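Student: The structure under discussion is supplied below as structure tokens; questions concerning it will follow.
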Amino acid sequence: MKFISEKIPSTQTNNQYYKAMTITLSGNVLLAVMKWIAANYSASSALRADAYNSLGDVMYSLLLVVGMYVSMQPPDISHPQGHKRFEPLIGLMISLSIAIAGYRALSGSIEKIRFGAEPLTEIFPIVVLAVSASIKGVMFLLIRRIADKINSPTLRTTALDNITDTISSFTAILGVLGARYLTPLADPIAGILVSIWIFRAAYMALRENMEFITGAGAPEDRREEFAKVIKSVPGVLNVHQLFTEYVGTKYLLDVHINVDGKTTLHDVHHIETVIEKRLMELDDVGRVYVHVEPPGYD
């Protein structure tokens with residue numbers, strides 16, 4: 001009797017995860033150090049807000065490394081179906097760290113507006129923010145490519161955070177330029193806009209990962225595609241029940257079909273095997289249970 005799933009995580013997929021984690025952690029640490037040093041030598045609220053954003057990125061990078069490492073572990077007796085459910089759990093923690101960074105950025109900018117903002121004369125913050133935007137843009141392209149290759153929602157969220165940071169940095173640049181040539185208030189206003197982008201990223205990450213953790217079902221068009229695959233298997237007369245829910249970041253499918261009551265047990269088993277194989281070939285399916293009944297049962 002088996003107690004542990006034989007499905008072992010792909011070595012190639014794990015290597016892609018390691019690559020993505022290395023890019024994310026090293027890039028965010030570099031940017032956080034660079035912008036924090038620059039912020040301490042500058043009066044720019046926008047730059048300081050972006051520095052807080054990068055510190056939040058470092059926190060979520062560390063959480064990402066730990067969470068993804070655990071989720072990549074093969075099934076064992078404590079988690080017989082594997083550890084993929086840890087991936088969306090770590091996504092929630094990432095959302096929280098992003099939101100905290102947004103709060104720090106917002107509170108600092110509001111304080112500048114309340115007590116007065118000093119005019120900015122140095123060009124240094126603009127250079128730092130431009131370099132940051134460029135690095136984040138490259139990170140976005142690299143992580144998104146990996147996420148699409150292995151179909152990882154968590155890495156897609158990470159890529160989304162990178163492009164959001166790129167937009168945030170350009171917004172901060174406009175604030176620094178506005179503070180220099182228009183009014184000192186342009187800088188803290190830009191800091192508030194940056195914080196809004198940070199909160200947006202936190203919300204989007206939270207919404208996606210809550211669907212994974214709460215076992216949300218597939219949308220109607222995806223359910224129809226699953227049913228189409230099942231009905232294409234020879235011997236299937238009808239699909240009378242199809243339940244879908246997230247287990248980790250992939251769907252679990254509970255399928256009930258009707259076949260001819262005179263079908264031999266050997267042929268029924270073959271039909272089940274073909275259905276499972278075809279569904280498991282889909283990128284977003286992680287587990288399939290097939291129940292077979294004769295016509296008239298539902």
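Student: How high is the FRET efficiency between residue 148 and residue 264 when r is their beta carbon distance and R₀ equals 41 Å, given to the nearest 0.05?
Tutor: That pair, residue 148 with residue 264, gives E of 0.45.
Student: Among 77, 189, 143, which comes first, then next, by fewest other beta-carbon atoms within 10 Å?
Tutor: 77, 189, 143
Student: Taking 0.36 nm per intervening residue step and subtracting the Cα-Cα distance, what contour gain separates residue 243 from residue 227 on full extension?
Tutor: Difference between extended and current length: 4.7 nm.
Student: Okay, moving on. Per the Debye formula with a single identical scatterer at each Cα and no solvent contribution, what log10 I(q)/I(0) holds for the chain at q = 0.11, 0.12, 0.14 Å⁻¹?
Tutor: The Debye formula, applied to the Cα set alone, gives -0.72, -0.80, -0.96.
Student: Evaluate E = 1/(1 + (r/R0)^6) for residue 41 and residue 141, where r is the Cβ-Cβ distance and R0 equals 22 Å; express this FRET efficiency to the nearest 0.05.
Tutor: So, using R0 = 22 Å, E works out to roughly 0.15.
Student: What percent does the relative contact order of the chain come to when contacts are Cα pairs within less than 8 Å and at least six residues apart?
Tutor: 18 percent
Student: If we count other beta carbons within 10 Å of each Cβ, what is the order of 124, 140, fewest first?
Tutor: 124, 140
Student: What angle do you read, to the nearest 10 degrees and between 0 and 90, between the alpha-carbon axis of helix 186-213 and the longest principal axis of the chain?
Tutor: In the chain, helix 186-213 runs at an angle near 10 degrees to the longest axis.
Student: Using the structure shown, list the pairs from 149/250; 19/277; 228/277; 35/149 with a Cα-Cα distance above 22 Å, or answer none.
Tutor: 19/277; 35/149
Student: I've got another one for you. For the chain, find the longest principal axis of its Cα atoms and tell me its angle to the long axis of helix 86-115, 0 to 90°, nearest 10.
Tutor: Compared with the principal axis, the helix lies near 20 degrees.
Student: Report the equivalent ellipsoid semi-axes for the stretch 90-233 in whole Å, largest first, defined as the square roots of five times the eigenvalues of the gyration tensor built from alpha carbon atoms.
Tutor: 39, 17, 11
Student: So what's the net charge close to residue 91: Lys and Arg +1, Asp and Glu -1, counting the other residues with Cβ under 15 Å from its Cβ?
Tutor: 0
Student: Along the Cα→Cβ direction, 7 angstrom out, place labels at residue 114 and residue 214. What is the inter-label distance in nm?
Tutor: Rounded to a tenth, the inter-label distance reads 3.4 nm.
Student: Here's something else I'd like to know. Going by how many other beta carbons lie within 10 Å of each one, how would you line up 55, 30, fewest first?
Tutor: Ascending Cβ contact count within 10 Å gives the list 30, 55.
Student: Further, regarding this structure: If you average the C-alpha positions of the stretch 183-255 and of the stretch 127-146 separately, how far apart do those two centres end up, in angstrom?
Tutor: Result: 25 Å between the Cα centres.
Student: Normalized C-alpha radius of gyration of the stretch 185-224, against 2.2 N^0.38 Å?
Tutor: In units of the globular-protein estimate, the stretch 185-224 measures up at 1.86.
Student: According to a simple spin-label model (label point 7 Å from Cα along Cα-to-Cβ), what is the distance in nm between residue 183 and residue 293?
Tutor: 6.9 nm
Bear in mind these aren't lab numbers, they're just calculated from the coordinates by the rules spelled out. Remember, it's a predicted structure, so these values are computed and weren't measured experimentally. Backbone-built Cβ (ideal geometry, glycine too); neighbour counts: all protein chains shown.
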